[in-house]
Amino acid sequence: MLFQRVSKGVVTIASGSWTKVTCKCCFTDTVRPLLVIELNKDVQLETKQWIISKIEAPANKQGAQLLAHPGEDDDGDMILVAAPSCTLLRNAEAVGLSKPYRDGTMLAFSYPDRANFKNADNVEELLTLAEQQYISKKELDDLKAGTNESIPGCSKDKGSLYPGEPIFQKLEKSGIVKTMYPLHDKEKLSAFSKQWYSQFNSGVQPLDYIHSYFGGTVAFYFSFLGFYNLSLQLPAVLGAVLYFLPWNSLNGQVLLAIFNVVWSTVFLELWKRRSAELAYGWGTLLLNSTFEEPRPNYWGTMGHNPVTKRWEPYFPSAERKKRIWFVSTPVVCAFLWLTVMGMVAYFYLEWCVKDYYSREPSWLAMPLLYLPSVLHILYVDFMNHVYKTVAHMLTEWENHRVESDFQKHYTLKVLVFSFINCFAVLFYIAFYKQDLELLRKRLVSLLIVSQIINQVTEALVPYLLERFLPSQGTKQREADPHIDKFRAQGCQPEYPGLFAEYIELFVQFGYLSLFSCVYPLTAALLFLNNVTEIRTDALKICKLFRKPFVAPAANIGIWQTAFEALGFVSVISNCWLILISPQVTGYCQENGVSFRHALLCTIALEHVLIILKVVIAFVIPDLPKWVRIKVAQLEFRSRQALRTVA
């Protein structure tokens, strides 16, 4: 379906209905609908017409300067939105996207200088589909109410607007707008999706296509997952060699422990370089930081914002801190206590099973030895799911003003709990019980059982639901073959985001960097799991969920810091595992070396490894040389342009 401009000021679509164009420079364009706004069924016609008028109005009249169409019926519950070229190009400059200049270099896009950028006359070539949809969504989010303005067709409480209030946030909070989602381009999606998730003959992902279609955040996740899995090959090979060859010596364990520390550092430093290369090629390395508007769920007493000079809700930071320290923190501690209680129950059940097996040993009773580990893994997985819901509710209740603060506090809550919940038992076995055999058995159980759970819950269940319990949109298409294909996309479940995927990789990385020296096949098992993980994650985002809005990104954000912090913890863990190994303890007993002396030697080794990590991070530059040169050229051109303007 196309918005086709056939004469000045007119856009036709499907049935021939029309809407006025807001910019005379775009008369020759043919544009596709980029996103859908679904309204509640009971929304009045005058309310829908007012929303369309705000979408179409030019910027000097506080409009979004986009194109709108009422969908199937003028009084229906759908609005299709597209964007003229001028709106997309102006906002590409505002966002800070870099695009190919006429000499082939990447340069921050400038609307006045657009004629010198490649493909500036063809916005479909210049801007990716994800960028167009993000810019259109941003324009809608930036719509502000004027003075003495209200939503027609609504009650006073529901339709009142204060000056400067974000209109679409109000529409969503009032229940007028039910949902908003970007549209799939089936032709573009089919061009790369099947090769992405169906073929196992190549580990290469179509990253440029992923970035173009799904956006920067999604592309960086899959590029990180692919780079991580590629990097796993070296520890997987080394671990397999040490596992299958005689390695029950101190040299083997020390070698693997030191290798883990060095490998984790080199991997993360090389990823920084790889992400910089990708960000430069995708034009997002030097994104502009934008002033964030209040979140839709942010509430408070009305006040005057000294920055924006607008009236908006105000919630005292002191009240927020009280909620964080006196409610959220105790709740998080309570969940951590439940984690500890689960660990105590696990060890008690472990003792009962061992006692039973010692009294009645048999091959039938042998599987019972793994029952405590399996039950505790299921408990840990259950607690992870419950806690994420509670953490989200707590962070919402804390009432953070902007989305970045909300995500920061939510991520911190989940990271702390995930670290304790997933690694507490392993640390207890290693540091308190000092039982390497039990630690090895526990790690094997985690690697096998947890990966099976992840594959079933993340891929098999959604696929079976889609296959045998089709969504409402599928049922409607079968009942009426003429149903709007756009409405059918809205019937798919909303994409849950990448938070859970990063948490899974964080836990994986912890198993490998913290404890794999006691079980060398850890990297090999993780590699095999991630080969399918890439495909199942690709299948989910391509087939099973609604297309998400994705902002441009320059890296993986806070997750880089989380992985680096885990790398420093791995130094302590690996040094301790060397200290309590049977080889070291046996050597100390035979040669009369005290535990205190051995501990001091281990601490010295730990300091050496930390220094080694710092040196490696310093020696490996975050940016490749050619990227540093390109960035310097870009900054030089920017200064020259400013001098010319001055």
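The values are calculated or read from the model by the stated rules, or taken from the named source; none is laboratory data. Since the model is a prediction, treat every value here as computed from it, not as a measurement. Counting neighbours? That spans all protein chains shown, and the Cβs are built from the backbone with ideal geometry, glycine included. Quick note on the areas: whole protein, heavy atoms, side chains included, nothing else; ligands and nucleic acids left out. Shrake-Rupley method; radii C 1.70, N 1.55, O 1.52, S 1.80 Å.
Applying the criterion of being farther than 19 Å from residue 222 by Cβ and assigned to a helix (DSSP H, G or I) to the residues of region 169-198, the residue that is most open to solvent (accessible area, probe 1.4 Å) is 187. Going through (1) β-branched (Val, Ile, Thr); (2) touching a residue at least 24 places away in the same chain (Cβ under 8 Å); (3) open to solvent by 90 Å² or more (accessible area, probe 1.4 Å) one by one, residue 377 falls short only on (3).
Taking the criterion of being farther than 25 Å from residue 575 by Cα and either among the hydroxyl-bearing types (Ser, Thr, Tyr) or part of a loop (DSSP other than H, G, I, E, B) (or both), the only residue of region 500-520 that qualifies is 502. The residue list 611, 603, 616, 620 contains one member that is closer than 24 Å to residue 283 by Cα, among the hydrophobic types (A, V, I, L, M, F, W, C) and at pLDDT 90 or above, which is 620. Scanning region 309-339 for residues that are open to solvent by 60 Å² or more (accessible area, probe 1.4 Å) and of a type outside the set (Gly, Ala, Ser) turns up 309, 311, 314, 319, 321, 322, 325, 326, 330, 333, 337, 338. The residues on offer are 157, 142, 121, and the sole one that is at pLDDT below 85 and of a type in the set (Asp, Glu) is 157. A Cβ distance below 8 Å, combined with a sequence gap of six or more or placement on separate chains, defines the contacts here; from region 64-76, residues that are touching a residue at least 60 places away in the same chain (Cβ under 8 Å) and in a strand (DSSP E or B) reach residues that are open to solvent by less than 10 Å² (accessible area, probe 1.4 Å) and aromatic (Phe, Trp, Tyr) in the pairs 67/3; 69/3. Every condition in (1) surrounded by fewer than 16 Cβ atoms within 10 Å (Cβ to Cβ); (2) modelled with pLDDT of 95 or more is met by residue 220 except one, and the failing one is (1).
Can you tell which of 610, 616, 578, 572 is closer than 22 Å to residue 513 by Cβ and either part of a loop (DSSP other than H, G, I, E, B) or open to solvent by 60 Å² or more (accessible area, probe 1.4 Å) (or both)? Steps first, answer last, please.
On the way: 610 fails: either part of a loop (DSSP other than H, G, I, E, B) or open to solvent by 60 Å² or more (accessible area, probe 1.4 Å) (or both); 616 fails: either part of a loop (DSSP other than H, G, I, E, B) or open to solvent by 60 Å² or more (accessible area, probe 1.4 Å) (or both); 578 fails: either part of a loop (DSSP other than H, G, I, E, B) or open to solvent by 60 Å² or more (accessible area, probe 1.4 Å) (or both).
When all the criteria are applied, what remains is 572.
If a residue must be out of contact with any Lys or Arg (no Cβ under 7 Å at 6 or more places or on another chain), open to solvent by 10 Å² or more (accessible area, probe 1.4 Å) and either outside the structural domain of residue 498 (by TED's automatic domain parsing) or outside any helix (DSSP H, G or I) (or both), how many such residues does region 521-559 contain? Matching residues across region 521-559 total 12.
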